[in-house]
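Every read-out reported here was derived from the displayed coordinates using simple, explicitly stated rules and does not represent laboratory data. The shown structure was predicted, so the numbers you read here are calculated from the model rather than taken from an experiment. All Cβ positions, even for glycine, are placed from backbone atoms using ideal geometry, and neighbour counts span all protein chains on display.
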Amino acid sequence: MDLLIYLAKASLLLALFWVVYKVFLEAETYHRFKRIYLHVGYLLSLILPLLTYTKIEEISLTPTFLAPSSSEVVIADIDPSHLELAWSFITEHAVLELLYIGISLLFLVHLTVKFFRLLRFLKASNAFHTDGIFHIQKSIPEGAFSFLNYIVYDPKLYSETELKIILAHEKAHVAHKHSLDMLFAHLYKCAFWFNPFAWLYQKSLVLNLEYEADAKVVAKTTKKDYQLILYSITQQQFRSQLQHSFHQSPIKKRIAMLNKNKHNRSFWKLFIVSPLLVAFFCCFKWRRKRKSKIQSQLQKVKSIESKLPMMKTQPKKN
């Protein structure tokens with residue numbers, strides 16, 4: 001049950017970070033700091049549930065508490081219900097924990113297969129090396145995508161101007177190592193597959209990575225040309241993969257973000273989650289341990305006896 005409690009607390013923490021991000025931060029333009037915030041949310045959701053603060057309270061036991069008020073004690077036999085028996089079996093044999101671990105392993109195996117299948121595809125393709133990046137020209141449903149230090153694209157789908165901008169976008173993904181963010185998000189989702197906020201959190205992370213890559217490209221080209229290219233590829237099909245596709249995220253949101261004013265950035269919003277974390281810690285991390293005065297006295301006696309040297313008694317001589 002400790003594992004389930006940990007998972008529940010971690011899921012609640014991640015939901016807290018996502019709600020704060022969705023309400024206060026998603027519309028902001030400091031994409032790098034938002035990326036850091038999202039990763040901090042991942043890490044704190046894993047670490048904070050492991051921390052506990054134990055508060056010991058001493059209670060005094062009165063004679064009426066130690067002994068029943070009546071001299072007659074009636075013992076009643078109560079048969080447990082079928083539901084209670086089933087729950088007892090589940091808790092004693094850790095059925096829920098085993099079920100959770102089994103499903104998590106299935107997600108992990110599926111992710112591993114996708115990862116090595118993608119690597120095999122990249123290694124088996126003809127590539128040319130430029131500026132530390134491997135370029136692969138191949139007909140693919142995605143049109144163009146990047147993974148690690150690989151960029152795969154179909155030059156037949158785009159004009160020369162479009163291809164230049166799309167490659168700049170994918171190079172931004174490679175330069176900022178966005179694939180590592182994606183891998184970590186997928187691994188987290190393998191462990192928290194039951195939490196809908198883990199899936200929503202990953203979508204928010206992916207969209208923010210697209211915002212960051214878009215901003216890098218717009219800094220070197222005209223915003224109007226870039227927006228026209230985003231519009232032109234909205235009808236193309238793509239599949240959800242580990243890699244970054246140029247048209248993987250909602251186009252309207254990306255264009256709206258490009259047109260936002262980047263001045264007067266509200267960095268203070270990054271710290272909105274701080275008081276909520278304190279409240280979370282106060283509500284869920286305190287563990288009270290009640291101890292009676294009799295127990296404390298017995299512990300003191302035992303500690304004193306353990307410190308005393310062993311005394312050997314010898315028989316007296318007459």
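At 0.36 nm per residue, and after removing the present C-alpha to C-alpha distance, how many nm does the segment from Lys253 to Phe121 gain when stretched out fully?
Working: separation 132, 0.36 × 132 = 47.52 nm, distance 3.13 nm.
Taking 0.36 nm per residue and subtracting the Cα distance, the gain is 44.4 nm.
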To the nearest 0.05, how large is the calculated FRET efficiency for Lys220 and Thr112 if R₀ is 41 Å and r is the Cβ-Cβ distance? 0.65
With the crude spin-label approximation of a point 7 Å out along Cα→Cβ, what separation in nm comes out for Trp193 versus Ser274? 3.9
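Length gain on complete extension for the stretch Ile101 to Phe24, per 0.36 nm per residue less the alpha carbon to alpha carbon distance? Display every interim value, and only then the final one.
On the way: separation 77, 0.36 × 77 = 27.72 nm, distance 3.47 nm.
Taking Ile101 through Phe24 to full extension adds about 24.3 nm, to one decimal.
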